[in-house]
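Working notes, beginning with the structure itself.
The values are calculated or read from the model by the stated rules, or taken from the named source; none is laboratory data. None of these values were measured; they are calculated from a predicted model. FYI the Cβ positions are ideal-geometry reconstructions off the backbone, even for glycines, and counts take in every protein chain you see. With ligands, DNA and RNA removed, areas are computed over all heavy atoms of the protein, side chains included. Shrake-Rupley method; radii C 1.70, N 1.55, O 1.52, S 1.80 Å.
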Amino acid sequence: MPHRHLETLDAALAAAATTPLADFKNCIKAGATTLADRFAAGESATTLVRARADFIDRILSRAWQAHIPVDARAALIAVGGYGRGELHPASDVDVLILTRDDPEALAAPIGELVMFLWDIGLEIGHSVRSLAQTLEEAEADVTVITNLMESRHLAGEPGLFDTLRTLTGPDKLWPSDQFFAAKIAEQQDRHRKFGDTAYNLEPNIKENPGGLRDIQMIDWVAKRHFGAQRMSGLVEHGFLTDAEYKALKSGQALLWRIRFALHLLTGRHEDRLLFEHQRELARQFGYEDDDNNLAVEQFMQRYYRTVMELNRLNEMLLQLFQEAILLAGQPEQIVPINKRFQARNGYLEVTNPGIFARYPLALLEVFLVFQQHPELTGVRASTIRLIRAHRHLVDKRFRADIKSRALFMEIFRESTGLTHTLRRMNRYGVLARYIPAFGNIVGRMQYDLYHVYTVDEHTLTLIRNLRRFSVPEFAHEFPECSTVFAEIPKPELLYLAGLFHDIAKGRGGNHSELGAEDAWAFCKQHHLSDYDTGLVSWLVRSHLIMSATAQRKDIEDPEVVQAFAASVGDPNRLRYLYLLTVADMRATAPHRWNSWKNALLKQLYNTTLAALQRGLDNPQAQDELIQRRRAEAMRLLTERGYPEADIIDIWVLLDVDYFMHSTPDEIAWHTGRVLDIGPPDTPLVELRAESHRGCTEIFVYSRDRERLFAHTTALLDQLGLNVQGARIQTLDDGRAMNSYYVLDQDHDTIGGARDHREIISTLQTGLAHPERFEPAPNQRMPRQIKSFLTPPRARFVQDETNSRTELLLTATDRRGLLSRVGQIFTRHDIQLIAAKVSTSGAIVEDTFLISNRDGTPVNDPELQRSLIEAIEEALSIDD
């Protein structure tokens, strides 16, 4: 930071009778502008954070001299990040005002100083304590002692600061073993808050795993235990190699550059890489969109790979520290495993440092050994370092060795430990070396709200989900999947399909097709049979078809099920695909997985399995399906005492579509309520907490009228309920029997009698007074969704067999969407038959089954054009 601003300030101080507040403010403002200009010109953040700290040092020193008496027994001390001599543009300026005696004696001048610092525009984080108070606080709180370890004297009595440093040393307070144990616990708690992953969509570059705090953690331990004032001291103590030290400093430099730019961009202390900032930072860092990847995806991949490397180094170093600090002097217990590996105090290590150089296959064997010995706590840091140093030996020749291929497949065939093993292989860089295509997806983000993990993290989470299907103690999570899993003959084929399903992301073209080619080549190289190779390749190629069919097509329609069954071909493929689909959907957006999606996939699996077992040349007729459902519903109703003649009187008013899309239990429930009530004078609302569809079903029985669907969905929206699907049925005599399948805001079914009563009361009152219905006002768009606005698009697909039309809608998710679409249908005299809602992050992909009022398909070109224009206009984002 040029000193000309300070020289101007010094001149003003000398000439003024009082402290020139305006001159201080102007000096700070000019200094900040110079800092930003230097950054824009390409100067490194590493230089500039220290320059700003130096500049603020001088400001504070002058302010102290102007407010605090010369003979005051007090000192101004920089602490925390500022104490390290690091200040980003909007970082807090943390200081300790330390007094030798009771601070009250200096309360007036100290108060004036602090007020002055705020007035001139400094974000001051300050504490005022006596020496005795400071020592008491430091003894009680590890964060206080951590801040003091990084303190620097700025102004006031130097001897007081020296006394503080002496009295807070590790020989007086917080010996290094206690300090290390406390900081380890602190880091574990911090990592848990961020899901123990560095791959958050909007990461905190300071607090996230692999972030700046992890680097500081290493620095703190080095200072406390080794007395190293600089991280380079760890190289001298043998805890870091030169290459590792350079990787740490390089990672820190990137994170500092990002943080510096983020502070300038937002104008505030902001450590979160929010979506709205990621695009702009990618532009500032010089990234440009290409044919396969957005600039923001390239920028974030660099970030993720950096924090992953920092996370690896943090893990390795902390384990080394643990051995040197907590385990020092403890007796060692060595248990031989084979010629190459042994366990030392529960940690796996090589028997000598030359193992990997002499026998490169051990680079795979180490993971298999760890997998086969669940009693092991981890891999020793020294061995981790050797793995990383020798991973270059996993080359083309290594991958072609039949022994290495056999070792890799053995890892996949082990009954336990696969998930942890693959995560470890990924962290140490071996998985990407063995499967080079996997290296392309490491740290690769997909810039949307649907994929909450990077591609590699998503892939490993998917495999973790598959493994849980095989573990008895998790069978309660997905009983159907656990049952199906027990029926597949070779689980390793399922895991391989999971490993390859997204491996071609970011390469351009159809990632399913490209991934299937990669999977085929890999399986043949690893000597899988033609059938097994074909199955894995087919699963990768087809891994999206089951979710798309279940969520976007009418799976009650026998023809849809028959077509899907034909694409699958046989029950064995179906079992593998079902398990892969459930695991994939849960690993894509775990918080968006819900019982509705589970029920859709389960239903499609069961009906497809029945079709395959019946034979593809013997499809189930629609008439046969309806006849069976009516017969079972009649049995249920007559057992409850309803006369058969009365039941038939209701059923003759219903169309075929109702029976095709309703289960016998639903038909019996609806019919029973209609018979109980008779013609409805006012709307009746009934609720079933959990239907077989995985949702709460809300049944609305009333006289049909215009905007009934729009009004109902608006009320459901006001109640904070998420509509997953709807069936709209109008009897021939003008009564409406509508069912809405909903989940609450936590994607759960609605529990609790009080909630049920509130929903029923709100709907019945609202629907009884249609004159009070007002379209929902435009809701403020959530911050995250604003970064992923999707222009609304609608198109039509004709279902000639069932004489109806599908309207496929893609748009940005927003409150009141269904109600708006319903109002448009009313204005265009369109009859809604059913709606299926599918939300992928910020995007909805909804399907509406519609017809004209007379039941004919909506195939008039002018009417279609008018509908599309109205929908796209109503759902366009203006704010």
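Would region 814-853 count as rounded, prolate or oblate if I go by the C-alpha gyration tensor, calling it rounded below 1.5 in a/c and otherwise prolate when a/b exceeds b/c, oblate otherwise?
Values: a/c = 3.74, a/b = 1.75, b/c = 2.14.
Oblate shape, in that a/c is at least 1.5 and b/c is the bigger or equal ratio.
If DNA, RNA and ligands are ignored and the probe is 1.4 Å, what is the ranking of 730, 99 by accessible area, most exposed first? Let's see the in-between values first.
Details: 730 40, 99 5 Å².
Output order, biggest surface exposure first: 730, 99.
Using unit Cβ charges (K, R positive; D, E negative) and no other charged atoms, how large, in debye to the nearest 20, is the dipole of the chain about its Cα centre? Display every interim value, and only then the final one.
On the way: 100 positive and 120 negative charges, 624 e Å.
So the magnitude is around 3000 debye.
Counting heavy atoms of the protein chains alone, residue 62 has an accessible area of about 50 Å² for a 1.4 Å probe. Only loop residues by DSSP count here, and only those with at most 11 other Cβ atoms within 10 Å; note down the GluC sites (Glu not before Pro) in region 442-498 that meet that. The qualifying sites are 487. Per-residue extension of 0.36 nm, minus the Cα-Cα distance of residue 272 and residue 507, leaves a gain of 81.7 nm for this segment.
If you find the alpha carbon centre of region 387-443 and of region 826-879, how far apart are they in angstrom? Using only Cα atoms to place each centre, the spacing works out to 49 Å.
I want the antiparallel fraction of DSSP beta bridges within the chain, as a percent rounded to 5. Intermediate values should be presented prior to the final figure.
Numbers: 64 of 73 bridges.
So the antiparallel bridges amount to about 90 percent of the total.
3J(HN,Hα) along region 617-628, derived from phi through the Karplus expression 6.51 cos²θ - 1.76 cosθ + 1.60 where θ = phi - 60°, amounts to 8, 10, x, 6, 6, 4, 4, 5, 4, 5, 4, 5 Hz, with x in place of Gly and Pro. Spherically averaged projected area of the convex hull of Cα atoms, region 141-182: 3.0 nm².
Would you mind getting the accessible area per residue of the chain, heavy atoms of the protein chains only, 1.4 Å probe, in Å²?
Values: 36790 Å² over 879 residues.
So the chain comes to 42 Å² accessible per residue, rounded to a whole number.
Averaging Cα coordinates gives a centre for region 554-616 and one for region 660-730; these two points are 26 Å apart. The accessible-area ordering, largest first, of the residues 149, 115 stands as 115, 149, per a 1.4 angstrom probe. Across all Cα pairs in region 745-879, the calculated P(r) in 5 Å bins from zero up to the longest distance comes to 2, 9, 16, 19, 17, 16, 13, 7, 2, 0 percent per bin.
Tell me the mean residue ellipticity at 222 nm calculated for the chain from its helices only (DSSP H runs of n ≥ 4, each -39500 (n - 2.57), averaged over every residue, nearest 500).
Working: 40 runs with 474 residues, N = 879.
Helices in the chain give a 222 nm mean residue ellipticity of -16500 deg cm²/dmol.
Taking the 0 to 90 degree range and rounding to the nearest ten, how far is the long axis of helix 107-119 tilted relative to the main principal axis of the chain, both from C-alpha atoms? Orientation of helix 107-119: about 50 degrees from the principal axis.
Multiplying the sequence separation of residue 530 and residue 389 by 0.36 nm and subtracting their Cα-Cα distance, what value in nm do you get? Mind dumping the intermediate values first?
On the way: separation 141, 0.36 × 141 = 50.76 nm, distance 3.72 nm.
Gain in length upon complete extension: 47.0 nm.
P(r) tail, region 189-236: Cα-Cα pairs separated by more than 15 Å, 48% of all pairs. Convex hull volume of the C-alpha atoms in region 683-777, normalised per residue: 92 Å³. The modelled label-to-label distance between residue 614 and residue 413, using points 7 Å beyond Cα along the C-beta direction, is 4.0 nm. Each of the peptides 355-365, 640-650 was scored by the mean count of other Cβ atoms within 10 Å over its residues; in descending order, highest first, they stand as 355-365, 640-650. Residue 669 exposes around 40 Å² of accessible area when a 1.4 Å probe is run over every protein chain in place.
May I ask for the net charge around residue 582, where only other residues with Cβ less than 11 Å from the Cβ of residue 582 are counted and Lys, Arg are +1 while Asp, Glu are -1?
Values: positive: 468, 586, 597, 602; negative: 477, 480, 584.
Computed value for this residue: +1.
What percentage of the solvent-accessible surface of the chain, computed with a 1.4 Å probe over protein heavy atoms, is contributed by carbon and sulfur atoms? The nonpolar share, carbon plus sulfur, comes to 49 percent. Distance distribution note for region 401-547: the fraction of Cα pairs above 26 angstrom is 22%.
Using a simple spin-label model with pseudo-atoms 7 Å out from Cα toward Cβ, residue 753 and residue 827 lie 4.5 nm apart. Label separation (residue 229 vs residue 41): 3.1 nm, computed from points 7 Å beyond Cα along the C-beta direction. When the surface is traced with a 1.4 Å probe over the full set of protein chains, residue 676 keeps roughly 80 Å² accessible.
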